[in-house]
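First comes the structure, then the notes that go with it.
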Amino acid sequence: MADKPYSEQKCELDRDAFGWADFWSYALAPLGYETMEIITNDEPLQRAWAKENLGRLKATDNLRAIAFEQVKKFRPEILWMEDHDPELLDRIRSEIKSIHLVIGWVGSAIPKNYIGRNVDLVLSCAQESVEFMRKAGTRAEQLHHGFDTRVSERLRGGPKKIDFSFIGQIIRGSQYHSRREQMLEQIASSTQLDIFSPSAGGDLKRYFDFILESGGYGAFRALKAIGIPDSAIKSLPLIGRANKWESRPESPVNRRIKPYLKPPVFGLDMFQILRDSRLTLNIHADSSPLFASNMRLFETTGVGTCLVTDWRNNLKDLFEIGNEVVAYRSVDECMEQVRWLLDHPNDREAIARAGMARTVRDHTFKQRALKFDEIVKKTIHGKPGTA
């Protein structure tokens, strides 16, 4: 697609339904919003826009500069900045005067040093993050993820052919997936669980690299502790690189999980795997210990698959537990329920149908757009000097 016009590339990217795709613009249009979505890290797409709209394309035009020109040309009144790029945001706020409201976004894992810098409002799917932001003095509101029903129209039908699936990252480190990794190891060794994850790409070289990097970081910290100046440390092979690292490198995924890992799937390929699964497992990140909030809740139920998810305080507010989704509080309970559901297909499919009906009724981007509109209006009317 790299040589195609901007509109064709954007249309194809949206159709693939990766991440939010065009879900928000489609849902907000009936409410009177005119939107432009900028995918700042899609280089062919961005350079196609620059070529068509700027009348020039210099080798020095970086993607941040192109994104700025897109915002400038569109002249928005509201900027929803999902990307954490303070330099770009500072330039936009200082030079584009049409903007009355800047909204930021965080998931349950909050990036380091991000406390709503230079935004008027932070939205988050996770109530834990909302409470953290508010305590830090940042205005924050909770907004759940949703499901776009157009996705189902793009998927192939036919019998389900995967008994039990899990799709997602397995990232080691603070706020991420330590509990997930432990659970997946236990569950995969006892049930037929297919794990689709980017972690499948690791190899033996990556483990050796980790050992070297970890040793280099330890040596760097030791030299710093005895007073060796940074200028001297930077010149040392490997150890000098550690000067730029905020913490010790995280080790690759547990090698005991590796036999169960399959290559990752994204966009429509991901939705197709979900649709083709009899059961799909959901495990929230470590940063969401209390509240159900991730995308998989609505993606799985939205395509008509029975969801087996970890119990959270607010899950009962989203779905009827036992009738629309299945919830577990421990690994043993999870495996017991999975075995029962696989042995009782009629009950399993009844839960899947009920979960899909609930998502289509209450958890689509159409409903989320109404909530977004409510939050935006409340925020704008509460700001000084706005009408």
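The values are calculated or read from the model by the stated rules, or taken from the named source; none is laboratory data. Worth saying up front: this structure is predicted, and the values here are computed from it rather than measured. Glycine gets a Cβ as well: all are built from the backbone with ideal geometry, and neighbour counts include every protein chain shown.
When you go through LEU290, LEU307 one by one, which is the residue that is part of a loop (DSSP other than H, G, I, E, B) and either of a type in the set (Phe, Trp, Tyr) or in the same structural domain as ILE162 (by TED's automatic domain parsing) (or both)? Checking each option against the conditions leaves just LEU290. Cβ-Cβ distances below 7 Å connect the following pairs, each with a first residue in the range 183-204 that is at pLDDT 90 or above, a second residue that is among the charged types (D, E, K, R), and a separation of six or more residues or different chains: ASP194/LYS262; ILE195/LYS262; PHE196/LYS262. Inside the range 310-345, residues that are in a loop (DSSP other than H, G, I, E, B) and among the charged types (D, E, K, R) make up a count of 4. Would it be correct to say that GLU299 is among the charged types (D, E, K, R), out of contact with any Phe, Trp or Tyr (no Cβ under 8 Å at 6 or more places or on another chain) and either not in a loop (DSSP other than H, G, I, E, B) or not assigned by TED's automatic domain parsing to the domain that holds MET133 (or both)? Here the answer is no, as GLU299 does not meet what is asked. Being in contact (Cβ under 8 Å) with a residue 40 or more places away in the chain and surrounded by fewer than 16 Cβ atoms within 10 Å (Cβ to Cβ) holds for only one residue in ASP83, ASP90, and it is ASP83. Can you find even one residue in the range 20-38 that is aromatic (Phe, Trp, Tyr), assigned to a loop (DSSP other than H, G, I, E, B) and assigned by TED's automatic domain parsing to the domain that holds ASN118? Yes - at least one qualifying residue is present in the range 20-38.
With respect to the conditions (1) surrounded by 15 or more Cβ atoms within 10 Å (Cβ to Cβ); (2) at pLDDT 85 or above; (3) in a loop (DSSP other than H, G, I, E, B); (4) basic (Lys, Arg), ARG180 falls short on a single one, namely (3). Please work out if GLU77 is in contact with a strand residue (DSSP E or B) (Cβ under 8 Å, 6 or more places away or on another chain), over 28 Å from THR149 (Cβ atoms) and among the charged types (D, E, K, R). For GLU77, the condition - in contact with a strand residue (DSSP E or B) (Cβ under 8 Å, 6 or more places away or on another chain), over 28 Å from THR149 (Cβ atoms) and among the charged types (D, E, K, R) - is met. Going by the structure shown, is LYS112 at pLDDT below 95, outside any helix (DSSP H, G or I) and either in contact with a helix residue (DSSP H, G or I) (Cβ under 6 Å, 6 or more places away or on another chain) or on the phi < 0 side of the Ramachandran plot (or both)? Here the answer is yes, as LYS112 does meet what is asked. Restricting the range 47-94 to residues that are among the charged types (D, E, K, R) and not in a helix (DSSP H, G or I), the residue that is modelled with the lowest pLDDT is LYS58.
The residues of the range 283-302 that are buried (at least 24 other Cβ atoms within 10 Å of the Cβ) and either among the hydroxyl-bearing types (Ser, Thr, Tyr) or closer than 19 Å to ALA21 by Cβ (or both), listed by number, are SER293, LEU297, PHE298, GLU299, THR300, THR301, GLY302. Filtering the range 303-353 to residues that are surrounded by 13 or more Cβ atoms within 10 Å (Cβ to Cβ) and hydroxyl-bearing (Ser, Thr, Tyr) leaves THR305, THR309, TYR328. Selection of first residues in the range 22-46 that are free of Cβ contacts under 8 Å to residues at least 40 places away in the same chain and surrounded by 17 or more Cβ atoms within 10 Å (Cβ to Cβ) and of second residues that are among the hydroxyl-bearing types (Ser, Thr, Tyr) and part of a loop (DSSP other than H, G, I, E, B), restricted to Cβ pairs under 6 Å at least 6 apart or on distinct chains, gives the following pairs, ordered by first then second residue: SER25/THR35.
Here ALA357 clears all of (1) of a type in the set (A, V, I, L, M); (2) buried (at least 19 other Cβ atoms within 10 Å of the Cβ); (3) out of contact with any strand residue (DSSP E or B) (no Cβ under 8 Å at 6 or more places or on another chain) except the condition numbered (2). With respect to being assigned by TED's automatic domain parsing to the domain that holds TYR114 and at pLDDT below 95, LYS97 falls outside the description. On the stretch given as the range 117-127, residues that are outside any strand (DSSP E or B) and crowded, with 19+ Cβ neighbours inside 10 Å total 5.
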